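The values are calculated or read from the model by the stated rules, or taken from the named source; none is laboratory data. On a predicted model such as this, the values are computed, not experimentally measured, just so you know. Because the Cβ atoms are built from the backbone with ideal geometry, glycine has one as well, and the counts that use them run over all protein chains shown.
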Amino acid sequence: MTLKQLANKLAQLEFKLKTNKARQAEIEEQNKALRAQQETLKQELYARMKADDVLMLETAKAKLNVHDTDIVTVSEWDDVYKYIARTKRWFILQRRLSQKACLELLADGKKIPGTGIFTKQDIKIKLI
């Protein structure tokens, strides 16, 4: 295959991907509306089941259980970071670096211990 043929084949694939992405955006909008309806129904059902002291409900189409889960939230990150540093309980953090922030620090000549950089090789394509 020539370079132009390869480039044209890549352009065709890019076009298909963009078409699929547009369809995905439409589907995601529909899903967003469905999730909102679902959440409204869940809240109403939860409130009514709690009020009627019903912990489990079974219909022809579904089995439902009232389920409460504790979720940790942070109101003061500075206090949390101080606690972690003081107690060495680093395991309570999820490990992920902000690419943008790290690249900015590295561009300013700052070194971040324990990190490295790899170069992702790719071809950018713009349809004409």
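A few points about this structure:
- When the residues of the range 71-114 are filtered to those that are hydroxyl-bearing (S, T, Y) and within 23 Å of the chain's Cα centre (by Cα), the one that is farthest from E14 (Cα to Cα) is S75.
- Here T19, T40, T59 are screened, and the one residue that is at pLDDT below 90 and hydroxyl-bearing (S, T, Y) is T59.
- Near pairs, Cβ below 9 angstrom, 6+ apart or cross-chain, from the range 69-90 (within 30 Å of Y46 (Cβ to Cβ)) to any residue that is at pLDDT 90 or above and surrounded by 10 or more Cβ atoms within 10 Å (Cβ to Cβ): V74/V80
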